[in-house]
Amino acid sequence: MAVASVHDDLVRTVLATVAILIGMTFQAAAVFAPILSGGLLFIVVGAVLITAGVLADRGRRRLRRRLAPDADHEGRGA
């Protein structure tokens, strides 16, 4: 994800983020399935996904700032 973020490779960045979120989805479902049932399981797994997505994007932005501090990222949403 670091290489794709620095080189402005949107496809690789999105693929890496999606792969992380898919892995987290399966892990969250495996952890919470024996504890929760029905609709509550979907709500908890959804909350985990939203949190993971926000944290992944925040981490990507922080990594990009650290690896390319002199680059001008104005107007790109980063």
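The values are calculated or read from the model by the stated rules, or taken from the named source; none is laboratory data. As the structure is a prediction and not an experimental result, all values here were calculated from the model. Neighbour counts run over all protein chains shown; Cβ positions are idealised from the backbone, glycine included.
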**Request:** State whether the residues of the stretch 10-21 include one that is outside any helix (DSSP H, G or I), at negative phi, surrounded by fewer than 13 Cβ atoms within 10 Å (Cβ to Cβ) and at pLDDT 80 or above.
**Result:** no
**Asked** Quick check, is L40 modelled with pLDDT of 85 or more, surrounded by 11 or more Cβ atoms within 10 Å (Cβ to Cβ) and over 10 Å from the mean Cα position of the chain (by Cα)?
**Response** yes
**Message:** So in the stretch 44-78, with the set limited to residues that are in a loop (DSSP other than H, G, I, E, B) and surrounded by 10 or more Cβ atoms within 10 Å (Cβ to Cβ), which one is modelled with the highest pLDDT?
**Reply:** A68
